[in-house]
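The structure appears right after this line, and notes come after that.
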Amino acid sequence: MADHPLLALQGVTKTYGTGDAQMHALAGINLSINPGEFVAVMGPSGSGKSTCMNILGCLDTPSSGEYRFQGVNVGGLTRNQRALLRRHYIGFVFQGFNLLNRTTALENVELPLIYRGMDTATRHRLAKAALDAVGLASRESHTPGELSGGQQQRVAIARAIVTEPALLLADEPTGNLDSKRSVEIMELLTAINRDQGITVVMVTHEPDMADYAKRIISFKDGLIESDQKLKGYLC
Amino acid sequence: MLGNAFLLAFRALRRNAMRSVLTMLGIIIGVAAVIVVVTLGSGATRQVSQQVASLGSNLLMVSVGKRMGPGQVSGAEAFKLADAEALANDVYGLAAVAPVASGSTTAIYANENWSTNVSGTTDAFFSVSNQPVAEGRLFTASEARLGTAVCVIGQTVAAKLFGQQNPLNNRIRLQKLSCEVIGVLKAKGQSTMGTDQDDLVVVPLRTYQRRIAGNQDVNLIKVSVQDGQDTEKVKHEIEGILRTRRHLASTEENNFNVMDMKEIAAMLSSTTQTMTGMLSAVGAVSLLVGGIGIMNIMLVSVTERTREIGIRLAIGALENEVLLQFLVEAVVLSSFGGLIGILLALGTAWGLSGLMQVPFVFQGGIVLTAFLFSAAVGVVFGYFPARKAARLDPIEALRHE
C-alpha cells in the first residue's frame, strides 16, 4: 500500500495576489497519505491548512509543485474533470454542515447520487442506508431546520459517505458542536474510517478531537511543522 | 442529464414555492393579457363581418350630401321618388331599389309613447336591408303605391309600446297619422355603428310623405346589387345618372354620396384589427416585463443561493449541470406561468365575450405562440443568471454567508 499513496503532495505552493501584496499560503509542502489513514490537520488560522484542504479536495490547484490523487496529476485537470473527480472519489463535511435548507434529510443525502445519474430506487435505497449508518433512519423526512446541530452534521456525513468515496475531507466537523455532540461525531468518523476503510482527513483546532486520528499533521506559516503518527500506526 | 436537471429544478422551486408563484405572476398576466385581447379582438372582427352580412349583400347606400356623418354638406337638394325609379330602370344589374324618407317621430299606443325612427319606403326595403318579418306580414307593392295607413314595426318598438301584448292589428299614432300594425320585423340587433336596428317603424313611402313629412323628399336610396355584378361599376353608373338628373356641371363635385357597405365593413374590421394589434403590443410589453422579472428573481436567487451552488459544485456538479438546473428553473417558471396564463385568459375571454356580446373565438395560433414565447422568455432571461451560477468558484461560494 505504501507504494501507492492515495494522495501525494510534492513541493506544493500556493500564492495569492501579485507583487508586494503577494502572500504565500503554502510555502512548499511534501505530504503523502495512504488509503485507510485517519489524519488530523492542525494549526493556527492562516497557517495554510485550509488552503491545503482545498487543494486536497480538488477545489483548488497548486501554484507550483504537484498534487497526485491516486496517481493522477490534479494540476493538469480541467475544472470539469476535477468536479468529476470530486463526484466519484471525495466526500466533504463542513463546519457549518452546509445542508440544503427546506430540503429533507433524505433529499440532502440523495443529492450526490443525483449527480451520479442514479435511478430513483437505487438512490432511495443508498440514501436510506447512509442515514441508517449515521443513526438517523427515523429522521429522513426532517428538514435541517427540524434537526439539532449534531443531527445536521450526521446528515452531512451521510451525504459525504453515500457515494462510498475514497477520501472524506472534514473541515472542522465539530467546530459548531458542544463536546457531547463532538464526541458522537468523532466516534462516527472513526467508525467510518475503521469499518468502511474510507480515508479521513480532518481539520480541527481541538487537540481532544485530533486524538481520535491516527496521524496528526501540524501546519505553521505555510509549512508542515510536525507529522506525528500515533497509536501503533503501521506504515 | 436533462432529467436530473428537471428533478433538481423542481426540488429547488418547491423549496421556494411562494417566490416561484410570485415570479410566475408576471408571465401569467402578460400571457393572459395578450390572449384575452386577441381573442376578444377576433371575436369583435367576426361580429363586424357578421353584421355586415346582415346588412344585406351587395348593398349600396345613396345619400344626399357629400359625405356621411360629421361635415355633411347641407343644402343639397333631396332625392325624389323619380330618382329611385330612374336608377331602377336605367342601371343594369340591380336586384332592388328602395327609396327611403325617414325622420324621428314619437310613436304612441294607448298610454305608451316611444321616440323612434320612422321610415317611409317601398316594399323593396325589406329585401334590400335584409329584414324579414317575424309576425304578421309586410306591406305589399300596391299598399306602398296607394299609401295606405299600415306599418311594420321593429322588435324594440313592439316591446316599448306593447310590452307583452300582441301588436298586430292595433293602431299606433305617428304624429297625425294613425296606422295599423300589420307586421313585426325579426330582431336584428346592433348595427356596426352601434345603433339599434330594431328601433324603427316602417310605413309606405307615400303615406310618410303625405301624412308625416308633408313633402316629396327621399333622403336615402338603398340599392342592392345582383350577385356577381361589379359593385364598383354599378356605383359609377349610379353616380353618372344622378349627376345628370341633378344637373351637375363636370367641374362640380357630387352633392350626393354612394357608399358601398362592403367598404365600410372593411374599414371597420381593419379598425378593430388595429386596436387588437395595439392592445396585443401592450400585452407583449407586459410579457417582456414578466421576463425581466424572472431574470431579476433568478439573479437574486443565484446570489441568495450562492452557498447552495457551492455545495453542489463541491459535491461534484459540473458547470453545465448547474447551468442547466437554473435554466430549467427559469423555463419551468415561465412556461408554467404561461400555461396558467392561457387557462386564465380563456376563462376571462369567455366571460368577457359574454358580457361584451362579442362571439368567443378560440385562437389556437395565439395560444400556442404565447406559450412558446413564455418558454422562450425563460430561456433568454434565465440564461444569464444560470451562467453566473455555473461559473461561481466553489471555494468562494462555500465561504459566502
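Side notes on the structure shown:
- Restricted to region B:318-347, and to residues there that are more than 47 Å from the chain's Cα centre (by Cα) and either aromatic (Phe, Trp, Tyr) or assigned to a helix (DSSP H, G or I) (or both), the residue that is farthest from the other protein chains (Cβ to nearest Cβ) is B:Val322.
- Contact map, region B:294-317: residues that are within 14 Å of chain A (Cβ to nearest Cβ) paired with residues that are basic (Lys, Arg) and surrounded by 24 or more Cβ atoms within 10 Å (Cβ to Cβ), Cβ distance under 8 Å, separation 6+ or inter-chain. Pairs shown: B:Ala314/A:Arg86; B:Ile315/A:Arg86; B:Ile315/A:Arg159; B:Gly316/A:Arg86.
- Tally, over region A:60-73, of residues that are of a type outside the set (Gly, Ala, Ser), without any contact (Cβ under 8 Å) to a residue 60 or more places away in the chain and under 14 Å from A:Leu26 (Cβ atoms): 4
- Filtered by the rule that a residue be out of contact with any strand residue (DSSP E or B) (no Cβ under 6 Å at 6 or more places or on another chain) and either within 20 Å of B:Val128 (Cβ to Cβ) or surrounded by 13 or more Cβ atoms within 10 Å (Cβ to Cβ) (or both), region B:148-164 gives B:Thr148, B:Gln155, B:Ala159, B:Phe162.
- Neighbours by Cβ (under 6 Å, 6+ apart or cross-chain): first from region B:109-127, under 23 Å from B:Gly147 (Cα atoms); second assigned to a loop (DSSP other than H, G, I, E, B) and among the aliphatic types (A, V, I, L, M): B:Phe126/B:Leu138
- Screening region B:122-147 for residues that are aliphatic (A, V, I, L, M) and out of contact with any strand residue (DSSP E or B) (no Cβ under 7 Å at 6 or more places or on another chain) and picking the one that is surrounded by the fewest Cβ atoms within 10 Å (Cβ to Cβ) gives B:Ala141.
- Filter result for A:Gly91 (without any contact (Cβ under 8 Å) to a residue 24 or more places away in the chain, touching a helix residue (DSSP H, G or I) at 6+ places or on another chain (Cβ under 7 Å), among the small types (Gly, Ala, Ser) and within 14 Å of chain B (Cβ to nearest Cβ)): no
- Count of region A:187-197 residues which are crowded, with 18+ Cβ neighbours inside 10 Å and either of a type in the set (Ser, Thr, Tyr) or under 13 Å from A:Val134 (Cβ atoms) (or both): 3
- Only listed residue being outside any helix (DSSP H, G or I), more than 34 Å from the chain's Cα centre (by Cα), modelled with pLDDT of 90 or more and hydrophobic (A, V, I, L, M, F, W, C), chosen from B:Leu392, B:Leu398: B:Leu392
- Beta carbons closer than 7 Å, at least 6 apart along the sequence or on distinct chains, pair a first residue in region B:237-264 that is closer than 16 Å to B:Val97 by Cα with a second that is acidic (Asp, Glu) for B:Ile241/B:Asp90; B:Leu242/B:Asp83; B:Val258/B:Glu239.
- Where a residue in region B:75-102 is at negative phi and touching a residue at least 24 places away in the same chain (Cβ under 8 Å) and its partner, wherever it lies, is surrounded by fewer than 18 Cβ atoms within 10 Å (Cβ to Cβ) and of a type in the set (Val, Ile, Thr), with Cβ under 8 Å and at least six apart: B:Ala86/B:Ile241; B:Leu87/B:Ile241; B:Asp90/B:Ile241; B:Val91/B:Ile241
- Residue count for region B:176-197 satisfying the condition of being part of a loop (DSSP other than H, G, I, E, B) and modelled with pLDDT under 90: 10.
- Each residue in region A:182-235 was checked for being closer than 28 Å to A:Thr13 by Cβ and small (Gly, Ala, Ser), and 5 pass.
- The helices (runs of 4 or more DSSP H) located wholly in region A:84-173 that include 2 or more residues which are among the β-branched types (Val, Ile, Thr) and surrounded by fewer than 24 Cβ atoms within 10 Å (Cβ to Cβ) occupy A:120-133.
- If you go through region B:204-235 and keep only what is surrounded by fewer than 19 Cβ atoms within 10 Å (Cβ to Cβ), of a type in the set (S, T, N, Q) and within 18 Å of B:Lys176 (Cβ to Cβ), you end up with B:Asn215, B:Gln216.
Matching residues to (1) more than 30 Å from A:Leu59 (Cα to Cα); (2) assigned to a helix (DSSP H, G or I):
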{"residue": "B:Asn257", "(1), (2)": "yes, no"}
{"residue": "B:Ile264", "(1), (2)": "yes, yes"}
{"residue": "B:Met275", "(1), (2)": "yes, yes"}
{"residue": "B:Gly283", "(1), (2)": "yes, yes"}
{"residue": "B:Ser286", "(1), (2)": "yes, yes"}
{"residue": "B:Ile292", "(1), (2)": "yes, yes"}
{"residue": "B:Met295", "(1), (2)": "no, yes"}
{"residue": "B:Val300", "(1), (2)": "no, yes"}
{"residue": "B:Glu308", "(1), (2)": "no, yes"}
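- Taking the listed residues B:Pro99, B:Pro167, the one that is surrounded by 18 or more Cβ atoms within 10 Å (Cβ to Cβ) and over 22 Å from B:Asp196 (Cβ atoms) is B:Pro99, with no other qualifying.
Residues checked against (1) charged (D, E, K, R); (2) closer than 26 Å to A:Gln81 by Cα; (3) away from chain B (no Cβ under 14 Å); (4) in contact (Cβ under 8 Å) with a residue 40 or more places away in the chain:
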site	(1), (2), (3), (4)
A:Thr103	no, no, no, yes
A:Pro112	no, yes, no, yes
A:Tyr115	no, yes, no, no
A:Met118	no, yes, no, no
A:Arg123	yes, yes, no, no
A:Leu126	no, yes, yes, no
A:Arg139	yes, no, yes, no
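- Taking strands (runs of 3 or more DSSP E) as the structural unit, those lying wholly within region A:1-64 and holding at least 3 residues that are under 13 Å from the mean Cα position of the chain (by Cα), farther than 18 Å from B:Pro394 by Cα and among the hydrophobic types (A, V, I, L, M, F, W, C) correspond to A:38-42.
To keep it simple, each residue is scored yes or no on (1) more than 30 Å from B:Glu401 (Cβ to Cβ); (2) touching a strand residue (DSSP E or B) at 6+ places or on another chain (Cβ under 7 Å); (3) small (Gly, Ala, Ser); (4) crowded, with 21+ Cβ neighbours inside 10 Å.
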| position | (1), (2), (3), (4) |
| --- | --- |
| B:Ile294 | no, no, no, yes |
| B:Ala317 | no, no, yes, yes |
| B:Ile340 | yes, no, no, no |
| B:Ala345 | yes, no, yes, yes |
| B:Ser353 | yes, no, yes, no |
| B:Met356 | yes, no, no, no |
| B:Phe360 | yes, no, no, no |
| B:Gln363 | yes, no, no, no |
| B:Phe384 | no, no, no, no |
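- Among the conditions (1) in contact with a Lys or Arg (Cβ under 6 Å, 6 or more places away or on another chain); (2) surrounded by fewer than 16 Cβ atoms within 10 Å (Cβ to Cβ), the only one that A:Phe219 does not satisfy is (2).
- Which numbered condition B:Ala95 fails, given (1) under 30 Å from B:Ile241 (Cα atoms); (2) part of a strand (DSSP E or B); (3) at pLDDT 90 or above: (3)
The values are calculated or read from the model by the stated rules, or taken from the named source; none is laboratory data. Model, not experiment: these values are computed from the prediction. Note that each Cβ is placed from the backbone with ideal geometry, even for glycine, and that neighbours are counted across all protein chains shown.
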